[in-house]
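One structure below.
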Amino acid sequence: MRRLIPVISVALVVVALIIGWRVQHTRTVEAVVSDVITRPAPELGPRTHLLLPNLKDRTVVVPDRPHDGNETRSEDRLAKIGRQRVFSVSTNSIGLRGPELPPKGDAFRIVGYGDSVTFGWGVSYAESWPARLGTLLDMDVVNAGVPAMKPLPLAAWVEQSVQALQPDLVIFAARPYHATPSAWQDYERALNTVVRASRPARVAIVLPPISTFDPLGNQNQASELRHVQEIAGRVAQGPVPVLDLTGAFRKNMPERGVIMNTDGKVQKMVRLPQGVVVAEGVPLHPGALAPALIEAFESDESIAEPLFFDGGHPDAEGFELFAAELEVWLRKRTLIPVR
């Protein structure tokens, strides 16, 4: 099983982080260039990065619509991806997105570890799910998300940082990385590392929501959840509780914008709530998006999927739902103190 759009999103994140994403908008003359916000971290694994410390309002430019690997690999990708989103990034003195951490004291602290979804790719720090969850709970929720971080390097990042952060609860917000043949073994190894390194803190798994514009992610979501639950049940001193947010996002999706339905090999962009087909077509490669859907996004910037902005990352409204659902789940599972 391979979920290509998250893999592609990782590739685009890497492009934006390492060399800067230069986007020539079809209706402007000037190009906008992303600032570098990371440094190489080979100690965590090959091609791995961590955020630079003490950043102040650095600019990051990213695609503002679903995209696939064919676009990111093409020589004319900057002309093809005309829609762009600009956001800013600030980090504290230890290289985490957000303000300086207060002294730990006796207060209950949650640390969210994950990739670009936890980091808050495409939105402000205040709109990221850790910041929103902290507000909802009136607790200290630390954003330790790093863009493009895959499970094994993420586990190494937990090992490196968790004792200094002193969490009472670690949220491991990561799906398996299916671009490798050993995805399940890597995920199990990563989870065992996280649980061991985090002791005595508890650990919970949160699987970020899957966009309707992720063809293979949707096809394999149920089996992926089942496999992750099996892995979580085998962890020493487990089982580790698992929350998959895809169902909550589908149930609470606003009736506006567009979603993607698949009928055999045909992908259909459907407008909500009427169900009118805006565009349809067959993708050129497995896991890709049909050219007709991409053309529809580029020809009308008002077309957007509710709760997501690029086929892999929630928007500000999506992160609000992310935090609200997580709050309810944490309370229900008594993973946080009862107040």
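Figures for the structure shown
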{"item": "Potential lengthening between V86 and S182 on full extension [0.36 nm per residue; Cα-Cα distance subtracted]", "result": "31.1 nm"}
{"item": "Accessible-area ranking of V278, V123, largest first, probe 1.4 Å", "result": "V278, V123"}
{"item": "Degrees between helix 183-198 axis and first principal axis of the chain (Cα, 0 to 90, nearest 10)", "result": "30 degrees"}
{"item": "Estimated inter-spin distance, V278 and A324, nm [label 7 Å along Cα→Cβ]", "result": "2.3 nm"}
{"item": "Cα long-axis angle, helix 316-332 against the chain (0 to 90 degrees, to the nearest 10)", "result": "40 degrees"}
{"item": "For V240, residues with placed amide H under 5 Å, excluding near neighbours", "result": "G233, V235"}
{"item": "Potential extension, V36-Q229 segment - 0.36 nm per residue separation minus Cα distance", "result": "65.8 nm"}
{"item": "Sites R47 and T262, calculated FRET efficiency, Cβ-Cβ separation with R0 25 Å, nearest 0.05", "result": "0.20"}
{"item": "Structure-derived log10 I(q)/I(0) by the Debye sum over Cα atoms at q = 0.07 Å⁻¹: which label, when the choices are (1) -0.31; (2) -0.34; (3) -0.27", "result": "(3)"}
{"item": "Cross-link reach list, lysines versus K332, counting only Cα pairs under 20 Å and skipping chain neighbours closer than eight places", "result": "K251"}
{"item": "Residue-wise HN-Hα coupling along the stretch 83-97, computed from phi with Karplus coefficients 6.51, -1.76, 1.60 (Hz; x: Gly, Pro)", "result": "7, 9, 10, 10, 9, 10, 10, 10, 10, 8, 6, 10, x, 10, 5"}
{"item": "Distance between modelled label sites at N252 and Q237, nm, 7 Å Cα→Cβ extension", "result": "3.2 nm"}
{"item": "Virtual spin-label span in nm between E317 and D106, 7 Å along Cα→Cβ", "result": "4.3 nm"}
{"item": "For the stretch 93-127 versus the stretch 128-164, the gap between their alpha-carbon centres in whole angstrom", "result": "6 Å"}
{"item": "The stretch 148-157 - phi-based ³J(HN,Hα) in whole Hz, Karplus 6.51/-1.76/1.60, Gly and Pro as x", "result": "6, 7, 9, x, 5, x, 4, 5, 5, 5"}
{"item": "Within a Gaussian network of the chain (alpha carbon springs, distance under 10 Å), most fluctuating of R132, R65, R226", "result": "R226"}
{"item": "HN-Hα J in Hz across the stretch 239-252 - Karplus 6.51, -1.76, 1.60, θ = phi - 60°, x for Gly and Pro", "result": "x, 8, x, 10, 10, 9, 8, 4, x, 5, 5, 5, 5, 9"}
{"item": "Extension reserve of the A164-R189 stretch, reckoned as 0.36 nm per residue once the Cα distance is removed", "result": "6.8 nm"}
{"item": "Sequence-distant residues sharing a close amide H with R83 (under 5 Å, placed H)", "result": "D64"}
{"item": "Long-range amide H partners of H49 with built H, under 5 Å", "result": "A41"}
{"item": "Helix axis angle, 4-18 relative to the chain longest principal axis, alpha carbon, degrees", "result": "80 degrees"}
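The values are calculated or read from the model by the stated rules, or taken from the named source; none is laboratory data. Computed from a prediction, not measured in an experiment: that's the story for all the values here. Backbone-built Cβ (ideal geometry, glycine too); neighbour counts: all protein chains shown. For accessibility, only protein heavy atoms count, side chains too; no ligands or nucleic acids. Shrake-Rupley method; radii C 1.70, N 1.55, O 1.52, S 1.80 Å.
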